[in-house]
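First up is the structure itself, then whatever we jot down about it.
The values are calculated or read from the model by the stated rules, or taken from the named source; none is laboratory data. Everything numeric in this text was worked out from a predicted model, so none of it was measured. Glycine also receives a Cβ, built like all others from the backbone with ideal geometry; neighbour counts cover every protein chain displayed. Side chains included, ligands, DNA and RNA excluded: accessible areas come from the protein's heavy atoms. Shrake-Rupley method; radii C 1.70, N 1.55, O 1.52, S 1.80 Å.
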Amino acid sequence: MLVKYAQKHGIPFEDAMLQFTESATYEALFDFDTAVWKEGPDYLLDVYEEERALNQNPRA
């Protein structure tokens with residue numbers, strides 16, 4: 001998921017990893033109650049990109 005994200009956005013993998021570990025999506029991934037961990041990488045990527053978009057444009 002992070003390799004795909006880094007390539008899509010033209011950033012180094014290390015930067016993608018750091019950004020991801022500071023996200024709410026990362027927290028949800030390790031919260032077993034959310035069951036995000038059961039989903040595939042494409043779903044996780046969609047959730048993460050949606051979070052990033054909302055954080056960049058909080059009025060949307």
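General remarks:
- The calculated 222 nm mean residue ellipticity attributable to helices in the chain amounts to -19000 deg cm²/dmol, summing -39500 (n - 2.57) over DSSP H runs of n ≥ 4 and dividing by all residues.
- Accessible carbon and sulfur surface of the chain relative to its total accessible area, %, 1.4 Å: 54 percent
- The chain - percent relative contact order, Cα under 8 Å, separation 6 or more: 30 percent
- The Rg/Rh ratio of the chain, with both radii computed over alpha carbons and Rh defined as the Kirkwood radius, is 0.96.
- Here's the picture: charge each Lys and Arg Cβ at +1 and each Asp and Glu Cβ at -1 in region 1-56, and of A6, T34, L44 the one pushed furthest to the positive end of that dipole is A6.
- Protein heavy-atom accessible surface, 1.4 Å probe, per residue over the chain: 74 Å².
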